[in-house]
Every structure is written in C-alpha cells, then in structure tokens.
Amino acid sequence: AKVINMSLGGAFPDPLEQQAVTDAYNQGIVVCASSGNDRFFGISPPVNYPAAYDEVIAVGAVGPSSELAFYSNGGPELDIMCPGGNDSNFTDPNRQVLSTDSFGLYFGFPAGYNVGQGTSQASAYASGCIAALISQGARDENLAPSEQVDAIKALVESTARNPFNGFTNDFGNGIMDVGRALKAITQYIDVRSPSPNEIT
C-alpha cells in the first residue's frame, strides 16, 4: 500500500493503533484519517484518533460551497479539508456525497449508490487525491520513506485553497485542491472543473 484511508475514529489514543500508524509512516505509506463528526452547536471537541497522531493526515469536511461542515471536528491537529457534505437536515441529497454503497435505492439512486456525509467521506476523498498525486510522480524516491510522506503532506498543504492565509483550527491548512497540486508537480496535466451537478 502507498496510501491508507482510515474512516474511523475515537476520542482516545491506543498504543497498538499508534504503533501501526508509526510503522506505516516509517515505510513511506501516507495515512489519512477522518477528524470526527462531533461538532455540536458550533463547539468542536478535539480531533479524533487516529487522525490526531502526528504521522497521520487529519481530514475535516466542507460542504458544497466550501463552507465548514456543521459536524466537522477541528483543532491544532487538523491538516486539510475535503468535501464531505453539509446537510444539517439530512434531507437534501445535493448537499451530501454520492458514493457506492451496499444499501442503495435511497433518494431514488440506482442500487449500489447512496448519499451520506461526514469526515469519513472527506478522508476518502483526500486518500484518493493523494493516490492520484503519487501516480503522477509526487513521491520523491530519493528521500527516506518517512520524508516522502512529509513531502506529500507539505505539497497538499501548500497547494490548498486557504481563504485565511494561514492555519486555523476549523480549516487546518485549507481545502485540498488536487488540480493545483498536480500542476505543481507536472506540466502534463490539464485539470478541468466540472459544471454544476455534473458527475465526473
């Protein structure tokens, strides 16, 4: 594996989990994890584990207009934001994330698809984007394995869209922009933004 997604979390660290994450990091494996869905009335508890470990890219969620998702945990451990949906009434599929799902037939989608929201969706998005970056040469094989992970994390953070021009506990280092990251490492990629409601 070059990238591991961990759409799971809890409030407390665990020595075995920490060791597994450290082992992956030392082997040059990028680990992304969801920050947690526990924000309540605008008050955020800490970023969940395993996202809170230093070796992990902690991913929070934004909605369709790049706004902070109502549920997304934040804090000093938060690294990056990705689309995760933001439908506080749980009734608008256009404000959630359409994905493969074993249940299906929800909101009239075909079997095998469903909508949902959460930092789990955001973390999966981050993992997929990082896999795309690695496939296009983002990994520098001249670096030590853990340094390769650090370099990819730095690339993602430095190319993020950041309206605050710096780190914040709610948005981390900004919203991941895989197009900007790809253009930063190769001149052969042309990224086209989809039209509204276009499935790509």
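Where a number appears in this text, it was derived from the coordinates with a stated rule and is not lab data. Not measured: the values here are computed from a predicted model. Cβ placement follows ideal geometry from the backbone for every residue including glycine, while neighbour counts extend to all protein chains displayed.
Per residue of the chain, the DSSP helices (runs of n ≥ 4 H) give a summed -39500 (n - 2.57) that works out to -8000 deg cm²/dmol at 222 nm.
Using the Cβ-Cβ distance between Phe41 and Ser65 with R0 set to 22 Å, the FRET efficiency works out to roughly 0.60.
Just to be sure I understand: of the beta bridges DSSP finds with both ends in the range 40-141, what percent are antiparallel, rounded to 5?
DSSP beta bridges in the range 40-141 are roughly 60 percent antiparallel.
For Cα extents along the principal axes in Å, the candidate list reads (i) 93, 47, 25; (ii) 47, 38, 30; (iii) 49, 43, 36; the entry that matches the value derived from this model is (iii).
Give me the percent of DSSP beta bridges within the range 22-92 that run antiparallel, rounded to the nearest 5. Rounded to the nearest five, the antiparallel share is 20 percent. Name the residue, out of Gly137, Gly28, Gly74, whose mean-square fluctuation peaks in a Gaussian network model built on the chain with Cα pairs under 10 Å. Comparing Gly137, Gly28, Gly74 in the GNM, the peak value goes to Gly137.
Of the DSSP H helices in the chain, those that are both long (alpha-carbon extent of 18 Å or more along the helix axis) and hydrophobic (Kyte-Doolittle mean at least 0.0) are 119-135.
The stretch between Asn26 and Asp14 holds 2.5 nm of extra length on full extension. This uses 0.36 nm per residue minus the Cα-Cα distance. Distance between the 7 Å Cα→Cβ label points at Asn89 and Ala1: 3.9 nm. Applying both filters, DSSP loop and at most 11 other Cβ atoms within 10 Å, to the chymotrypsin sites (Phe, Trp or Tyr not before Pro) of the range 119-172 gives Phe164.
Annotation for the range 113-192 versus the range 37-78: alpha-carbon center distance of 16 Å.
Taking the DSSP beta bridges with both ends in the chain, the antiparallel portion is around 45 percent.
In plain terms, the chain is cut at each of the GluC sites (Glu not before Pro) found in a DSSP loop with at most 13 other Cβ atoms within 10 Å, and the longest leftover piece is 68-140.
Taking a ≥ b ≥ c as the square roots of the eigenvalues of the Cα gyration tensor of the range 30-135, is the shape rounded (a/c under 1.5), prolate (a/b larger than b/c) or oblate? Since a/c reaches 1.5 but b/c is at least a/b, the shape of the range 30-135 is classed as oblate.
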